[in-house]
Amino acid sequence: MTVRQVPWAPLTIAAAGREVRARLLEPPGRRGWLVWAHGGSWVRGSVAEWHTPVAELALTAGCAVVNVEYRLAPRHRHPAPVDDVLAALDWAHAEAAAEPEA
């Protein structure tokens with residue numbers, strides 16, 4: 001499988017009166033979860049820009065990756081971006097806890 005073939009889907013996470021957008025990448029046979037906050041120091045970047053490196057990470061690590069489209073500063077003040085990533089982390093934790101143990 002190549003990086004371009006890693007299956008992914010858009011994801012919307014409900015969180016405290018808002019929605020957090022993300023991409024969920026799930027390589028075949030995946031085990032485990034990882035939540036990814038893309039680079040950009042909370043002020044720039046997007047899941048689209050980071051899709052290829054995150055797909056490579058998912059494929060290499062063999063785990064599901066939640067690539068979070070967090071709110072960017074300065075439009076959204078701190079801690080808004082961190083809150084979005086934490087909401088995605090909570091969501092991934094709940095999903096992982098619901099999976100049967102291997």
Q.
Need pairs with beta-carbon distance below 6 Å; first residue within 19 Å of Ala37 (Cα to Cα) and at pLDDT 95 or above and within segment 1-23, second outside any loop (DSSP other than H, G, I, E, B) and acidic (Asp, Glu); sequence gap 6+ or separate chains.
A. Thr12/Glu19; Val20/Asp84; Arg21/Glu69; Ala22/Glu69
(Q) Criterion first (at pLDDT 95 or above and closer than 27 Å to Met1 by Cα) does Val66 satisfy it? (A) yes
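The values are calculated or read from the model by the stated rules, or taken from the named source; none is laboratory data. Only a predicted model underlies this, so the values are computations on that prediction, with no experimental measurement involved. With ideal geometry, Cβ positions are generated from the backbone for all residues, glycine too; neighbour counts draw on all protein chains shown.
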